[in-house]
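Have a look at the structure below, then the notes.
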Amino acid sequence: MTARQSAVLLGGPADGVRLTVSDRPPVLQVTYPCTVEGDSAGTRVEALHVYRLDGSTGDGVLRYGYDPASP
C-alpha cells in the first residue's frame with residue numbers, strides 16, 4: 001500500500017503551496033509555463049524549480065525547501 005502524506009513547499013516561487021505526496025519523495029519539481037513569442041510551431045517552455053525534502057513539521061506535514069541552485 002502506498003503511504004500518502006501532506007506536504008508544504010517552503011521558499012521559492014511556490015512558497016506555501018500544500019499538496020499530498022506518496023512515499024516521501026526526496027525531490028519535487030514545480031514547473032511554470034513561460035510565454036513563447038513569435039512563431040513557436042507548438043513549442044512549449046516551462047521554468048523548472050526544485051524542492052528537496054527537509055523533514056517534517058511538528059504536526060507531521062512534510063516540508064520541502066526550495067533549492068535555488070537546481071537544476
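Where a number appears in this text, it was derived from the coordinates with a stated rule and is not lab data. In this text the structure is predicted, and so the values were computed from the model without any measurement. With ideal geometry, Cβ positions are generated from the backbone for all residues, glycine too; neighbour counts draw on all protein chains shown.
A few notes on this one:
- Net +/- balance of residues flanking ALA3 in space, Cβ distance below 14 Å, scoring K and R +1, D and E -1: +1
- Calculated percent of Cα pairs over 18 Å apart (choose from (1) 38; (2) 60; (3) 45), label: (3)
- 13 Å beta-carbon shell around HIS49, net charge (K/R +1, D/E -1): -2
- Cβ-based charge dipole, the chain, positive-most Cα from THR2, THR20, HIS49: THR2
- Full extension of the chain between ARG4 and ARG18 gives 3.7 nm of extra length, using 0.36 nm per residue less the Cα-Cα distance.
- Relative contact order (percent, whole number), the chain, Cα cutoff 8 Å, 6+ residue spacing: 34
- Net charge dipole, the chain: roughly 300 debye, given to the nearest 20, about the Cα centre with Cβ charges of +1 for Lys and Arg and -1 for Asp and Glu.
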